[in-house]
Amino acid sequence: MTDTSSTDRAPVVPPTSEPPPALPETPRATRVSRRRMIGLIGGAAAVGGAAGAGITYAATPGASAGAASAGQAVAFFGDHQAGIATPAQDRLHFAAFDIGPTATRADLVALLTAWTNAAARMTAGLDVGTGAVAGNPAVPPDDTGEAFGLAPSRLTLTVGFGPGLFTDADGRDRFGLAGARPPQLAELPAFRGDALDPARSGGDLCVQACADDPQVAVHAIRNLARIARGTASVRYSQLGFGRTSSTSTTQATSRNLMGFKDGTANLKAEDTVGLDAHVWVGAGEGPAWMTGGSYLVTRRIRMVIEPWDSTSLTEQERVIGRSKGSGAPLGAANEFDPLDLQAQDASGRPVIDAKAHVRLAHPSTNRGATLLRRGYSFVDGTDELGRLDAGLFFMAYQRDPRTQFVTIQTTLAGKFNDALNEYIQHVGSGVFACPPGVAPGGHWGQALFG
Amino acid sequence: MRSAHLRAATVLGPLVVTALLAAGCSSSAATAPAGDGSIAVDAGDSTCGVAQTVIAAGRHTFTITNTASQVTEVYVYAAGDRVVGEVENVGPSTTRTLIVDLPAGDYQVACKPGMIGNGNRTALTVTGTPAPTGTADQNLQAAVDSYRAYVETEAQALLDTTTTLATTITSGDLAAARQAYPTARLHYERIEPIAESFGDLDPLIDMRIDDAGPGTPFVGFHAVEQILFQKNTLDGAAPLADALVANVGKLDALVKTVQLTPLVMGNGAKSLLDEVAKSKVTGEEERYSRIDLVDFAGNVDGAKHVFTALRPALQANNSQLPTTLDQRFTALVELLGTHQAKPGAPGFVPGSPYVSYDALTPADVKALAVEVDALSEPLGQISGAVTGR
């Protein structure tokens, strides 16, 4: 995951002698690799194959976690899961799953194994199982087909385990995992002003699919959800676009739907010291199976768009604490200038308002708490009032939500605090333990299930 | 000269509500009153009788008797519904006095039983010396003075009606307490942005249960509302109501110190509409009593008062904005008016002139939201227009 070398994409597999299936010609080189893999691997990666029958991939030699450019593959295997420190892709499809009432521990292991096999293929730009068209025509294709011919698009698939995997809503230890539940994976407390919809909150499992092509991300979730049928079902899912955080120094800071640059002060992939300090779970921090993993907090944050749009620029900048144009902190000239939280204007008032979002979210206001934010904007059409159902699908990775997200959100939440609360509302929430990365031949969460 | 008028008027006593002329530094107020007798106003359920409808410019005293079946309020409007005088919260069968300085012009006296809507109106013609056209600064100062009078009047009415609420609770009359609740809310919602400017006082008065947490008990109007309307009891309400009266009393004292500027007013009006958009039209605010439309009307009243007070300044700076705001305020107020309810009607809530939020159809709510958003856009232009930016 720390390999940031950038190389031109190498062929995923050696060319075969098999004539390519009849496909329309396209200049996209990656299409070739995708369809050639169909022939090479064939049914070996059959969906839901024997538990533990990990398939070793010699593939993706050109994949890199760091500076992969659009269209390339990001390495699936590694010490850490991809999709966390990976430079943020443009698109998101996030899904939370409920484990079915009859599922067993063996079913879970089989599911995670099948998911891992499918994910390794899809992130490499390959299709699932025997593919979309190469299998037995008398049965439904293994792969749903809509990514056929598309580039890998830097697809990453990142899995997390919700509290319900360890202890269900009735307090039962369904899978013999209660003793392995990390203390960091505590349910989030209720925050002031929360208006959480249970149907858009929680989840026993989650998959974050990020890609530069939305169809590739949707394809991945769709196929993983299909594989899960009978064991787990989608509780809710969220599409996102316009990454609202830059997670690499090579990325420009993008704007959220309020029109402000978002993520200026975010942790960056190149900052390995910062990642170790704030993101990756270290040895001895809770159960060993989480070492090298990270905790994910998701919040569906609805923006009250229409009143915001008719608010003056001065007020918008007061609420955020930054200049809307440059992204510079108020009172500073450039985006990456440090916040001066002590600065006062001529009349003695703070230049950055006492309730400005940047002040209250700043590490210095939160005992140093820092997050790796990886959120995306969403617009789910309009609501029953004709208003945009839009906002930020906030996602943040951290070593311990209890001292990181919870500390920050406690500072921000409620009408006493962050001025931004006038224009936003938290309507969904989730917390997940994302295990460390997968070694070739292994599967997600292997150390948890032993 | 203006501030001298304000002081002179203010010392006349607590029942005197004075609004300053918004049209600059009037000399007419220095003239003697038109007559030695006051002008009787009969504020009925569907009438607004004014004993004299053609009067000479100068200082006039109106003696208002509420002959309606519910609490009323009376406004004297100059052109464009610019408030030049008002008296709030006049109970049935009671009489109150209103003193106003009136330069020549066309006015309307509006009686508003239930304290909502456009009210019943009677035209009033004032003859003699018209007010001189004010300078830009005079227009703005007049607007600030008018708004200050409004805020102080509303804060006093809020204290009075909240005290009534507490008294009904203490006396053990649940039905009366439930009936007293909407009126107090109306006065709060009219000046909500001013209340919010006082840091932690606003949450103590207006917090929701979701705003409570460890170390932050659920208090204020909505805690009382929950007991009265959801738990349907008076048990536990009295201490909350007493604390609420104390906090509202603090607010009433603090509003006299608040620094008002045209910018504060413009932002406040916008903030009122944001409140409507976020909390009222969605039925979020009054989740136990379902009187969200009362709050809605209060927010719109407060925003409209800012607009009408600033109208002369806006007309000087931007001729189209007042026209647009007139149209959109009218559309919203009329739409809101279609949801009034009388006793016995479906959705009637005792003490509320409007139907319960639960009686609204999704289409009703959508239509209200559309009008709110339509008004919010031009309302957001006020601050820029009055500050010349």
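Throughout, read-outs are computed from the coordinates displayed, never taken from laboratory work. Just so you know, these numbers come straight off a predicted model, no measurement behind them. Reconstructed Cβ throughout: ideal geometry from the backbone, glycine too, with neighbour counts over all protein chains shown.
Annotations for the structure displayed:
- Gyration tensor (alpha-carbon) shape descriptor, region A:249-301, a/c threshold 1.5: oblate
- Applying the Kirkwood pairwise sum to the alpha-carbon positions of region B:233-344 produces a hydrodynamic radius of 16.6 angstrom.
- Between the listed residues A:THR116, A:LEU412, A:GLY193, the Cα displaced farthest toward the positive end of the dipole of the protein assembly as shown, a dipole computed from Cβ unit charges relative to the Cα centre, is found at A:THR116.
- The mean number of partner chain beta-carbon atoms within 10 angstrom of a residue's beta-carbon across peptide B:208-216 is 5.
- Shape category assigned to chain B from the gyration tensor of Cα positions, a/c cut at 1.5: prolate
- Here the peptides A:143-149, B:361-367, B:228-234 are ranked by packing, the mean other Cβ count within 10 Å, and the order with the highest first is A:143-149, B:228-234, B:361-367.
- Tensor-based shape of region B:86-163 (alpha-carbon gyration tensor, a/c under 1.5 rounded, otherwise prolate or oblate): oblate
- Per-residue mean of C-beta atoms belonging to partner chains within 10 Å, peptide B:270-276: 3
- Per-residue mean of C-beta atoms belonging to partner chains within 10 Å, peptide A:306-319: 5
- Gaussian network model of chain B, Cα within-10 Å springs - most flexible of B:GLY213, B:GLY302, B:GLY105: B:GLY213
- Beta bridges by DSSP in the protein assembly as shown, antiparallel share as percent, to the nearest 5: 90 percent
- The angle between the Cα long axis of helix B:237-255 and the main principal axis of chain B comes to about 30°, on a 0 to 90 degree scale.
- Across B:MET207, B:MET265, B:MET115, mean-square fluctuation computed from a Gaussian network of chain B (C-alpha pairs under 10 Å connected) peaks at B:MET207.
- Taking 4 °C and 1.567 mPa s as conditions, region A:297-384 diffuses translationally at an estimated 87 µm²/s according to Stokes-Einstein applied to its Kirkwood radius (Cα pairs).
- When +1 charges are put on Lys and Arg Cβ atoms and -1 charges on Asp and Glu Cβ atoms, the dipole computed for region A:244-391 relative to its Cα centre reaches about 180 debye.
- When +1 charges are put on Lys and Arg Cβ atoms and -1 charges on Asp and Glu Cβ atoms, the dipole computed for chain B relative to its Cα centre reaches about 720 debye.
- Among B:PHE198, B:PHE221, A:GLN81 the positive-end extreme of the charge dipole of the protein assembly as shown (Cβ point charges): A:GLN81
- Over the protein assembly as shown, the reciprocal of the mean inverse Cα-Cα separation, the Kirkwood hydrodynamic radius, stands at 30.1 Å.
- Protection-proxy order for peptides B:40-46, B:98-104, each taking the mean of Cβ atoms within 10 Å per residue, highest first: B:98-104, B:40-46
- Options A:GLY325, A:THR311, A:ALA346, ranked by Cα towards positive dipole end of region A:213-363, top entry (Cβ charges): A:THR311
- Taking the Cα centre of the protein assembly as shown as origin and assigning +1 to Lys and Arg Cβ atoms and -1 to Asp and Glu Cβ atoms, the resulting dipole is close to 1420 debye.
- Relative packing of peptides B:54-64, A:325-335 - highest average C-beta neighbours within 10 Å first: B:54-64, A:325-335
- Per-selection Rg to Rh, region A:191-322 - Cα, Kirkwood hydrodynamic radius: 1.00
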